[in-house]
1. For the range 1-75 and the range 88-121, what is the separation of their C-alpha centers, rounded to whole Å?
2. Within the range 27-123, report the GluC sites (Glu not before Pro) that DSSP leaves as loop and that have at most 11 other Cβ atoms within 10 Å.
3. What's the magnitude of the charge dipole for the chain around its Cα centre, counting Lys and Arg as +1 and Asp and Glu as -1 at the beta-carbon? Answer in Debye, nearest 20.
4. Among bridges DSSP assigns within the chain, what percent are antiparallel (round to 5)?
5. With the crude spin-label approximation of a point 7 Å out along Cα→Cβ, what separation in nm comes out for residue 16 versus residue 56?
6. Which of 18, 134, 144 comes first, and how do the rest follow, when ranked by fewest Cβ neighbours within 10 Å?
7. Before anything else, pin down the relative contact order of the range 4-163: Cα pairs under 8 Å, at least 6 apart, normalised by residue count, whole percent.
8. How would the chain be classified by its alpha-carbon gyration tensor: rounded, prolate or oblate, with rounded meaning a/c under 1.5 and the a/b versus b/c comparison settling the rest?
Amino acid sequence: MIVRRATAADLQQLPAVESAADALFLPLGVEDLPAPASAAHRAASWQVLVVPVPGRDDQVAGFAVLELLDGDVHLEQLSVHPAHGRQGLGGALLRAVVQAAEQHGARRVTLCTYRDVPWNRPFYARHGWHVLEEPTAALAALREHERALGLDRHGSRVVMTRVLGADGGR
């Protein structure tokens with residue numbers, strides 16, 4: 001499975017992939033997630049990784065948006081188009097995220113997600129991520145921003161981390 005850095009053409013496809021992935025929340029009664037970020041907003045991220053549709057390098061099936069936070073890497077968004085779900089693309093993206101963070105020299109990767117949505121916290125836990133009980137000041141501020149956006153009204157959210165290096169829980 002190929003995971004690569006996003007091109008300008010890839011960035012144009014991300015809002016549609018994110019919207020399709022957000023539709024998975026509709027059966028849970030979640031109908032008002034924030035609108036997908038624009039291609040320009042994503043272009044300002046530290047790194048955006050994409051996994052193309054198998055056999056179609058010009059079509060994005062999923063993506064991961066990485067930011068720098070607290071001197072480490074923060075996974076701001078991971079989305080896989082439902083038409084390509086349950087094929088290992090999310091796991092491939094997570095492995096690429098860890099690799100990018102290690103290459104950057106980060107000590108860990110963090111993310112914020114829903115505690116009880118099956119394709120959120122449980123998915124990340126299966127890939128070696130753990131709930132961070134005491135977030136740093138920057139992560140706490142990020143969580144406050146999420147609350148202000150209204151994300152907490154859809155369920156309990158947690159900060160998770162994946163420690164890198166020999167003791168990273170792999």
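Quick note: the coordinates plus some simple rules give every number you see, no bench work behind them. Source: prediction; values computed, not measured. Virtual Cβ from ideal backbone geometry, glycine too; neighbours counted across all protein chains shown.
1. Comparing the Cα centres of the range 1-75 and the range 88-121, I get a distance of 13 Å.
2. Sparse-neighbourhood loop GluC sites (Glu not before Pro): 31.
3. 440
4. Here the antiparallel bridges make up roughly 90 percent for the chain.
5. Simple spin-label model gives 0.8 nm for this pair.
6. Fewest-to-most Cβ neighbours within 10 Å comes out as 134, 144, 18.
7. Relative contact order for the range 4-163 comes out at 20 percent.
8. rounded
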